Every structure is written in C-alpha cells, then in structure tokens.
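Encoded as structure tokens, the structure appears first; notes follow it.
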Amino acid sequence: MKNNATLLITIILMCLCSIGAAAQDNGRRPGKDVQDRWKAEKIAFLTDAMELTSAEAEKFWPVYNQSEAMRRENWKQVTTAYKDLQEAIDAGKDEKEISALLDKYVKAQQEGRDLDTKFISEYKKILPARKVAQLYIGEESFRRLQIHKLNKNDKN
C-alpha cells in the first residue's frame, strides 16, 4: 500500500510538473489545461484502482498510452463514418451507397472491438489478469465519475 501511495504521488507530481511547464506555452489551444488535468486524474485513478507497483506502471503506461492513441484514431473513424451515413440518409441517397456507408460504419466499430482484444493480450503480457480486469472496471468507474461530475456542474 505504501508503494502504491508513493507511486501515486510521484505520478501526480510528474503530471502537474508537465502541466505547469506546458501552461507556459502561449500558443496552447483552449481547453488544454482541462484535458491535462483530466489525464492526470485518470492516471492517478487507474493506478490506484489497479494497485500498480512501480515496476508494473513503468511497463504498463507506455502500452496503455499507445492503445489510447489508437482508440482515439478509431473513434474519429467511427464518428466520420456515422456522419457520412447520416448525411447519405438525409440526402436520400440510393440503397447501394447507403449499404456501402453502413458497411464502412460497422467495420470501423469492429476495428475498435479488435483493438480491445489486441490490447487485452498485450496487457496480460505485463500484468496478471486480475489487474487487467481492474483496468477495465477502473476505466468504467472513472467514466461514470466524470459523467456524475458533469451532471452535478450542469445543475449548478
């Protein structure tokens, strides 16, 4: 437990230092501070939820960051395919074109599921299955926590 607390504090401090250094960049895009803070919170939350040791964290986070980058790219593909499909329907395109766009959309969604399958096996090379399961439970818990915070702020 002491190792986890030390690791958590170290990660938070590293994130805060990188956020502070990045904040000095006047050419930043709006909302970057919020994004950086959210990423730091997520790292701390998942590290704690997974009970990562320092050695595990050192191996895990680069793989996780790669998976997140690939997920973001896939999400862009899914949303683009969705928009294209919606526009085709709204424009009254023919069945052949809509069918092709529908296939593109479903394929993009399947590629996202394939990424999950790929990275589960990658994570299991680094961590025991219990900690990999804790990752997915932790991600969902973090997502729900963020939604709750947003809803709470909307009511104020």
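Side notes on the structure shown:
- Efficiency of FRET between Ala100 and Lys76 - r from beta-carbon atoms, R0 25 angstrom, step 0.05: 0.80
- 3J(HN,Hα) from dihedral phi, the range 35-43, Karplus parametrisation 6.51/-1.76/1.60, rounded to Hz, x for glycine, proline: 4, 4, 5, 4, 4, 5, 4, 5, 4
- Per-pair calculated FRET efficiency, R0 = 25 Å: Arg113 and Asp84 via Cβ, rounded to 0.05: 0.80
Read-outs: derived from the displayed coordinates by stated rules, not from any lab. None of the values given here were measured: they were computed from a predicted structure. No Cβ is skipped: glycine too gets one built from the backbone with ideal geometry, and neighbour counts run over all protein chains shown.
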